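The structure appears below as structure tokens.
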Amino acid sequence: MMTPDEFTLVLSDPTLRRVFSAVALGSSTSSEILKAAGLDTPVAAKAIGQLTRTGLLVPEGRGRLVVNEGALEEAAQTAARRREEEAAAEQPDARLRGFVRDRVLVGLPEEADHEARRTVLRHVGEATFTPGEDYDERTVTERLEPWCEGGVLDAVSLRRALVDLGVLRREAGLYGLTAAPVGAA
């Protein structure tokens, strides 16, 4: 089984990448691969041998090569598992995964998914503000700015979203964290 890292390392070589691409685009015999890749016979033969040994190319019939789709699929599945494991380590709360990374709001659930949106914004509010304290608009905006660095919203838009969803209340120019709804996770 080829790992995603091995796949990347193999195809980082321009000669191997040219031969692999030729086969991926339909060349299957040595002469077709030579023509499509634009390589000399010894160079192409060495690359074909290396790609065959790695398992990226496999024989199909007499004198024909094809891309090993199974190896590519396994590498993709391994990469997807690794990405999921990294995401879980980065954000243990599955409800926030893909939305909050290192105290930055990197995504926001669609408006139609009201509960998921409220969960993410409630997390931001509770991590940023103290219950029972009031904050002026400038302080609220300043406290929200770190959540927005490289994220999907600016601090003013985030403040509005928190108010619109009832995570923050606004009265007489002051903002405060609202109580979590009963039964909220």
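For the chain, a Gaussian network of Cα nodes joined below 10 Å ranks 76, 116, 172 by mean-square fluctuation, and the top entry is 172. Remark on residue 168: its backbone amide H falls under 5 Å from those of 163, 178, a criterion applied only to residues 5 or more positions apart or on other chains, H modelled at 1.01 Å from N.
Our coupling estimate for the stretch 52-62, obtained by passing each phi through the Karplus curve with A = 6.51, B = -1.76, C = 1.60 and θ = phi - 60°, is 5, 4, 6, x, 6, 10, 10, x, 9, x, 7 Hz, Gly and Pro reported as x. With θ taken as phi - 60° and the Karplus curve 6.51 cos²θ - 1.76 cosθ + 1.60 applied, the whole-hertz 3J(HN,Hα) list for the stretch 165-174 is 8, x, 6, 10, 9, 10, 9, 6, x, 10 Hz, x standing for glycine and proline.
Sites listed here are GluC sites (Glu not before Pro) in the stretch 52-145 whose DSSP assignment is loop and whose Cβ has at most 14 other Cβ atoms within 10 Å: 60, 110, 111, 133. Other residues whose C-beta falls under 13 angstrom from the C-beta of residue 55 contribute a net charge of -3, scoring Lys and Arg +1 and Asp and Glu -1. Amide H contacts of residue 101 (H built 1.01 Å from N, in plane; Pro and chain starts excluded): 106 sit under 5 Å, all sequence-distant by 5 or more or on other chains. In the chain, helices alone account for a calculated mean residue ellipticity at 222 nm of -17000 deg cm²/dmol, with every DSSP H run of four or more residues adding -39,500 (n - 2.57). Here the calculated FRET efficiency for residue 66 and residue 86, from their Cβ-Cβ distance with R0 = 25 Å, stands at 0.20, rounded to the nearest 0.05. Amide H to amide H distances under 5 Å link residue 57 with 52, 68, where only residues 5 or more positions off or on other chains count and H is placed in the peptide plane. 3J(HN,Hα) along the stretch 17-31: 5, 5, 5, 4, 4, 4, 5, 4, 8, x, 5, 10, 9, 4, 5 Hz, from the Karplus curve 6.51 cos²θ - 1.76 cosθ + 1.60 with θ = phi - 60°, whole Hz, x for Gly and Pro.
Loop-located trypsin sites (Lys or Arg not before Pro) in the stretch 83-151 (DSSP state not H, G, I, E or B) with no more than 14 neighbouring Cβ atoms inside 10 Å: 103.
Shown for the chain: the carbon plus sulfur share of the solvent-accessible area, taken with all protein chains present and a 1.4 angstrom probe, equals 51%. Among the listed options (i) 1.66; (ii) 1.16; (iii) 1.06, the one matching Cα Rg over 2.2 N^0.38 Å as calculated from these coordinates is (i).
The values are calculated or read from the model by the stated rules, or taken from the named source; none is laboratory data. In this text the structure is predicted, and so the values were computed from the model without any measurement. As a convention, Cβ positions derive from the backbone with ideal geometry for all residues, glycine included, and neighbour counts pool all protein chains shown. Side chains included, ligands, DNA and RNA excluded: accessible areas come from the protein's heavy atoms. Shrake-Rupley method; radii C 1.70, N 1.55, O 1.52, S 1.80 Å.
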